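All remarks here apply to the structure that follows.
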Amino acid sequence: MLQKKICMLGGFAVGKTSLVRRFVQSIFSENYLTTVGVKIDKKSVAFPDKTVDLILWDLAGEDDIGSFRVSYVRGATGLVLVADGTRPATLAVALTLRERCEAEFGAMPFILLFNKSDLTDRWAIPEGEIDELKQRGWQVYLTSALSGEHVDDAFRQLASMVAN
Amino acid sequence: MTSSVEPISLSQKQASNDTGIDREALARLLVEIARNVDPDNHTLYEGVPAADHRLEKLRQLLVGGEISELSRVTHLLDEPEQLATAVGNVLPEATARASHTQLGEALAPAVERAAQRSIQKNPNTLTDILYPVFLPAIRKSIGEKIDQTFQSLNESLRHIFTWHGLKWRLEAWRTGTSFSAVVLKHSLIYRVEHVFLISRASGLLIAHVTSQDATSEDPQLISSMLSAIQDFVKDSFKEKESSGLDTIRFGELRLWSEVGQFATLVAVIRGNPPEELHEVIRDVLLRIHQESSRALERFDGDSSQLPGVETQLQTCVELQHMDSKEGFPWLVLTAVLLVLIVAGGWSFLSWQSAHRWQTYLSRLAVQPGIVVSDQKIRGGDFYVAGLRDPLAADPQSLLPGTEVDPTRVHSNWQFYQSLEPEFVLKRLSASLAPPDSVRLSVIDGRIVAEGEATTTWINRARAAAQQLSAGGPVFDISGVRDVSAEERWQAYVSRLETLPGIIVADQNVRDGQFYITGLRDPLAADPESLLAETQVDPARVHASWQFYQSLEPQFVLKRLTASLTPPDSVRLSVVNDRIVAAGEATTAWINRARTAAQQLSAGGPVFDISGVRDVSPEERWQAYVSRLETQPGIIVAQQNVRDGQFYITGLRDPLAVDPQSLLAGTQVDPARVHSSWQFYQSLEPQFVLKRLTASLYPMDKVRLSIVNGRIVAEGEAPDTWIDRARAAARQLSEGGPEFDISKVRDVSPDARAAEHWQYYVSRLEAQPGIIVAQQTERGGDFYISGLRDPLAADPQALLSGTKVDPARVHSQWQFYQSLDPKFVVKRLTASLSPPKSVRLSIIQGRIVVVGEASAGWISRAQAAADQLSADGVVLDVSQLRELNLAELNQLREAIQSTDIFFSSGRVVPGPEQTPVLDRLADQLKEFAENARKAGVTARFMLTGHSDITGRETANASISAARAETVRALLNKRGVAPELLLVRGAGTFEPAVPENENSRTGNSTNRRVSVTVNLE
């Protein structure tokens, strides 16, 4: 049994919970998010030689970064940063959250998801900016919780990053 | 270009510091370098000087810096103070970089010694340092100890008086342990269902062990959530690190967590665990840390690195303490039971007899006039002593009904006079003998006398009241009016004066004696008897009455009636003060009456006998004979009177009146009448009619009458009767009156039809479930009305074989429900549609339902039973057992938790929903089949939902369309369409609440949900 703690970070209403809801195993109600501030789900990614269980800590999305419970990130081996492709400000939030985590617990592998890729008409992230991020060596995915586009790929990528 | 240069000649002078340098090699090297710079340089080295100062200079040029640095470092190393400063600068960094284990091992002895030394020197320093660490630990430990104490106290209190308590006390005494310890040992029933070992750093699950048959959701998620919650609490309440959330309790379940250095152990316990379990869990955690400390520290989510941990955890799960059933002390229990039964029986009997005795005593206690002063039970005998009033109930007579054995009761009663008002009243009534006009009663504990009495009686009563005043109840005689003897005498006298037939001549009172004289008619009331009704003492009355004959008409009438004895035919009465006689009498009586009238004429009332007619015997005889002659059926042949005797001969029909009976009331002396009658058959029509009536037994519908001397029969009769009547008419034709039967209609065919009809009716009446209310035959048609149960035989069908013409039958049936058990069973079978597992039968008029059925069916049957009981029909459902629907319920839950999801705006589910639909279809079919077996019909409601984007009307139709689509898809998968109901809920029943401003809509809400209904 190989498991890794992964934290999902992102601002308010970027669609983290939706991503999780459709593609992972879940036993807890979404009420936990508002009560305890975290909801835990599991995503099993199977590789030929092993299966990695990603234990996903979906932290309540808050634009108020000050109230972010950084202690939840302790022991995490990877991050899923989620930004809303229709709201550029959410990218800054995700990156700030990552900085806070790394300041506290050191650098760790991460993937960056621009969610809501299905809303092409309202898409607000320029192609160039995404390319620039990719050139930094970052794993960037345009996902849609609605269509499921790239979601599995993203988790698979992260699993391979943290498992080795 | 060729140049000539001087050959290099090395200084021969031995430099002070160039010893050890291979000068020759150096010279060769320099020449080589020179050639490389200038290929034309053909300088050759010849001979190498022993020493050269230039060499030193060269060295200065090349490595001068290094030499001075080196000397500085050498100096640094040689000077301890400087070295310490330098090492001190780098020590923290060096320690951080050093291998932890090696450093730990190297430092451990020194640190230990240092700590030791520090404690020896001043223990306070270390105490101050460790204070923040110890305090929470101590606090926790004390807390647990207190919990433990409370728990043991609670348990002890709870069991102190129970049967278990007794048993456990014995055990505590036997084993020498404290009672509370034994109570805890037996009463704590718990089971450790899960044990999670969770990495403290990441919250990841290291190992999980579960007890047999305990279930839970994904342990990985649970362990993470647990540590998240711990973090949450810690953050929220600013708790210090390491003091973990050690107990979470949820109903029967408790989560106990024990925090270790690298891992937290969480035990999920069902029941009521003892506090000691904390220690056990802590031990396991400690052991795991000891054995795998490094692996735990480095745990990165790969649990294969910690192989032995699960075995350790297993020991926690095996820890369970259920109520032990082993080694139950049957023998001891039996012995104790035997003793208890004997003791219980004895104590019950003695309790019962004591209880009965107490009942008797309480009966005695409520008896007025009985005072129990002492009572006891000794050796099964009852002793009672006390006082009783002779007027009180006999204590012995109170025994029956209390079931106390009279032979075992030893009583010792002293008589006394009770001063309770009712007893005093009784005694007063006996001693004072109050006259009828005085009433004694008890009012508010006082004895009150009311009414009228003589002075003497009042005086006696007053004396009694005075006697009573000492301790007894008050005897109030103020309400008794003193009626003196004179008053009562006057009342008596005036009463006498009003009486007819009594004339008071004189009366007076002298020395308390009463004297009266007067006249009285013997027929008047007796003055003596009137005296008894008054309270005048008869001994003091001296009466002197002269008899006289009152001439008042009613007295004269009485006397005349007594003396004249008038015959029945004479009536005497008083009319306007005259006595009038009216009626008939013989001459002799009239003469006697006249004499009496003459006697009376001197002052008496007038006796008028003019209204009495004189009748002689001959006259009366003639009147009798002529009366006989007018009687039909009697023919007087001859009569005469000879020597005061009357003779009569003639014929009489046996059906005519008896001449003898006519004699009475004629005043003819029967002794003087000599009759001789011959019987004959009178042919007078009325006699013939009587005889015909007797012989023909005319039918109800035939009326015989006499019309102008002829006997006429009218009505309807069957042919047999008409035949007999015709024969009678022929017989009569010789001299008798004519018997006309021409007006009798022959009704034989109708009669036969009616007979058949009656047979049919009786057949109907015998049918269960058919009630004939009314039936008539009119004009050859038959009318019948009544009630019939729809389940009863068809009345029309019963007609066949009765020879009743169906065309002539007019029926009117109202349907009703028969309460005949057979019909009730039929109806119940139709209305309740009992499952195959249920059988209805009729046992002794009761309907008994036996078998297994669903709870719903049972409650319907119960409702039917309740309804029927109001109609007096017993439907016994007590033998119905509830069908086990657990499996069905599980399936139902699975079905109801299934949702079919849709993309935005779509009414056909995506291909990813196909497996969900397939599974759902299978589940629905299985459920429907199982429900059918259980006797219920399952229907599935498919409810379509939409998200809140778009218009409400559009959402409503989309939601309905989704439900319809799913229905079609399920139908395609073999689910019977009639079991599937469809509705659209639009946005009104969202699975998750949606933000009104959401533009994308919530995919969870775009779904079709399923609910299962059982009918």
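With everything on Cα atoms, drop me the angle between helix B:821-832 and the longest principal axis of chain B, reported from 0 to 90° to the nearest 10. With both axes taken from Cα atoms, the answer is about 30 degrees.
Relative to the current alpha-carbon distance between residue B:953 and residue B:745, full extension at 0.36 nm per residue lengthens the span by 66.3 nm. Using the Cβ-Cβ distance between residue B:912 and residue A:132 with R0 set to 35 Å, the FRET efficiency from 1/(1 + (r/R0)^6) comes to roughly 0.50. Placing a label point 7 Å from the Cα of residue B:719 along the Cα-to-Cβ direction, the residues of the stretch B:751-774 with a backbone N closer than 20 Å are B:751-757. For the pair residue B:414 and residue B:539, a Förster radius of 35 Å applied to the C-beta separation gives a FRET efficiency near 0.25, rounded to the nearest 0.05.
Can you pull the mean other chain C-beta count within 10 Å for peptide B:218-231? All intermediate terms of the calculation are to be shown ahead of the outcome.
Working: counts 9, 0, 8, 12, 3, 3, 11, 10, 1, 6, 12, 5, 1, 8.
What the average comes to for B:218-231 is 6.
Distance between the 7 Å Cα→Cβ label points at residue B:862 and residue A:51: 4.7 nm. Applying a threshold of 20 Å to the alpha-carbon distances of B:925/B:972; A:5/A:116; A:39/A:134; A:4/A:42; A:50/A:116; A:4/A:39 flags A:5/A:116; A:39/A:134; A:50/A:116 as lying beyond it. For chain A, a Gaussian network of Cα nodes joined below 10 Å ranks A:94, A:145, A:46 by mean-square fluctuation, and the top entry is A:46.
Sequentially through the stretch B:477-487, phi angles give Karplus couplings (6.51, -1.76, 1.60; θ = phi - 60°) of 10, 5, x, 9, 7, 7, 9, 6, 4, 4, 4 Hz, Gly and Pro residues having no value and appearing as x.
Counting 0.36 nm for each residue step from residue B:387 to residue B:630 and taking away their Cα separation leaves a gain of 78.3 nm.
Mean partner shielding of peptide B:200-206, defined as the number of other chain Cβ atoms within 10 Å of each residue Cβ, is 6.
Go ahead and estimate [θ] at 222 nm for the protein assembly as shown from helices alone: -39,500 (n - 2.57) per DSSP H run with n ≥ 4, summed, over the residue count, rounded to 500.
Value at 222 nm, helices only: -14000 deg cm²/dmol.
For the stretch A:85-91, putting each phi into the Karplus relation 6.51 cos²θ - 1.76 cosθ + 1.60 with θ = phi - 60° gives couplings of x, 9, 10, x, 4, 5, 5 Hz, in residue order, rounded to whole numbers and with x for Gly and Pro.
Between 0 and 90 degrees, the angle of helix B:685-696 with respect to the longest Cα principal axis of chain B falls at about 40 degrees.
Derived scalar couplings between HN and Hα for the stretch B:607-615 equal 10, 9, 10, 5, x, 9, 8, 7, 10 Hz in order, rounded to whole Hz, by the Karplus curve 6.51 cos²θ - 1.76 cosθ + 1.60 (θ = phi - 60°), x for Gly and Pro. The GluC sites (Glu not before Pro) of the stretch B:609-646 include none that meets both conditions, a loop assignment by DSSP and at most 12 other Cβ atoms within 10 Å of the site Cβ.
Between residue B:707 and residue B:22, the contour length at 0.36 nm per residue exceeds the alpha carbon distance by 227.0 nm.
Using a simple spin-label model with pseudo-atoms 7 Å out from Cα toward Cβ, residue B:85 and residue B:637 lie 19.4 nm apart. Remark: spin-label model distance residue B:574-residue B:442 equals 5.3 nm, labels positioned 7 Å along the Cα→Cβ axis.
Mind pulling the angle between the C-alpha long axis of helix B:748-766 and the longest principal axis of chain B? Nearest 10 degrees, somewhere in 0 to 90. Here the helix axis deviates by roughly 40 degrees.
Say R0 is 60 Å: what FRET efficiency, to the nearest 0.05, do residue B:293 and residue B:968 get from their beta-carbon distance? Could you put the intermediate results ahead of the total?
Numbers: r = 63 Å, r/R0 = 1.05.
So, using R0 = 60 Å, E works out to roughly 0.45.
Only the coordinates and a few stated rules stand behind these numbers; no lab work does. No experiment lies behind these values; they were computed from the predicted model shown. Counting neighbours? That spans all protein chains shown, and the Cβs are built from the backbone with ideal geometry, glycine included.
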